[in-house]
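Okay, so here's the structure we're looking at.
The values are calculated or read from the model by the stated rules, or taken from the named source; none is laboratory data. Small disclaimer: the values here were computed from a predicted structure and weren't measured. For neighbour counting, all protein chains shown are included, and Cβ atoms are generated from backbone atoms with ideal geometry for every residue, glycine included. Side chains included, ligands, DNA and RNA excluded: accessible areas come from the protein's heavy atoms. Shrake-Rupley method; radii C 1.70, N 1.55, O 1.52, S 1.80 Å.
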Amino acid sequence: MKTICYILLLLIVYSCNTEVTITPIEVSPSWRGTQGKLVVKKGDLVDTIYDCHFGYTPEYKLLKHLDKEYLFTSCEMNNGGDNYQTFGLWSLEDATFLDTIFFKELNISKEIQIKDKTYNWIRRKGNLKLDNSTIVFEMDSIVTLVENDEIMNTISSGKSFKRIKLK
């Protein structure tokens, strides 16, 4: 009888486990487009996020906001003259486990030939944060005039914000 009580107690404790565990899995890159994996577990819920290239896994962090949990992922991808960064925010709530709340692929740098030896470099930085039940995605752009690997002038810079209300 004592053994049955211990087993029952163990099952109750195990079924109440709501801790989130994340296991990054780098995949052997057979080609550049091979994505890495993040296996996300919460109790009995398990799902996988695929992102990045060359088999690398995205960077990630857990976020808590207003009694809810989220997973933020980001990955930089080199594509020659055009480089990209992804930003993802995923739900960790039981009813919406790993539903995509926000996903953005941003071209973070681009090289353009203007004349024989003059280039424009467009560089962007993205930042995602949670603020009062709102996702705020901030993008900062800087366009520079470059000659012979020297920055000659900053042509323009600017910031844009995208706000998405959380439900």
Task: For Ile122: the one exception among (1) at pLDDT below 80; (2) surrounded by 17 or more Cβ atoms within 10 Å (Cβ to Cβ); (3) closer than 27 Å to Thr48 by Cα - done: (3)
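Every residue in the stretch 128-162 that is closer than 13 Å to Leu89 by Cα and touching a residue at least 12 places away in the same chain (Cβ under 8 Å), please.
Correct list: Leu128, Leu130, Thr134, Ile135, Val136, Phe137.
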- [ ] Restrict the check to the stretch 68-86 and report whether at least one residue is of a type outside the set (D, E, K, R), farther than 22 Å from Gly126 by Cβ and at pLDDT 80 or above.
- [x] no
TODO: Answer yes or no: is there a residue in the stretch 133-155 that is closer than 17 Å to Thr100 by Cβ, open to solvent by 80 Å² or more (accessible area, probe 1.4 Å), of a type outside the set (Gly, Ala, Ser) and at pLDDT 80 or above.
DONE: no
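Please tell me if Asp94 is at pLDDT 90 or above, touching a Gly at 6+ places or on another chain (Cβ under 9 Å) and more than 18 Å from Leu128 (Cα to Cα). Explain how you work it out, then say what you get.
Values: at pLDDT 90 or above: yes; touching a Gly at 6+ places or on another chain (Cβ under 9 Å): yes; more than 18 Å from Leu128 (Cα to Cα): yes.
Against the criterion (at pLDDT 90 or above, touching a Gly at 6+ places or on another chain (Cβ under 9 Å) and more than 18 Å from Leu128 (Cα to Cα)), Asp94 qualifies.
Which count do you get for residues in the stretch 45-71 that are assigned to a strand (DSSP E or B) and either open to solvent by 30 Å² or more (accessible area, probe 1.4 Å) or touching a residue at least 60 places away in the same chain (Cβ under 8 Å) (or both)? Can you show your working first?
Taking the stretch 45-71 first, the residues assigned to a strand (DSSP E or B) are 45-51, 59-65, 68-71.
Next, from what is left, pick out any that are either open to solvent by 30 Å² or more (accessible area, probe 1.4 Å) or touching a residue at least 60 places away in the same chain (Cβ under 8 Å) (or both): 45-48, 50, 59-65, 68-70.
The number of residues fulfilling the criteria is 15.
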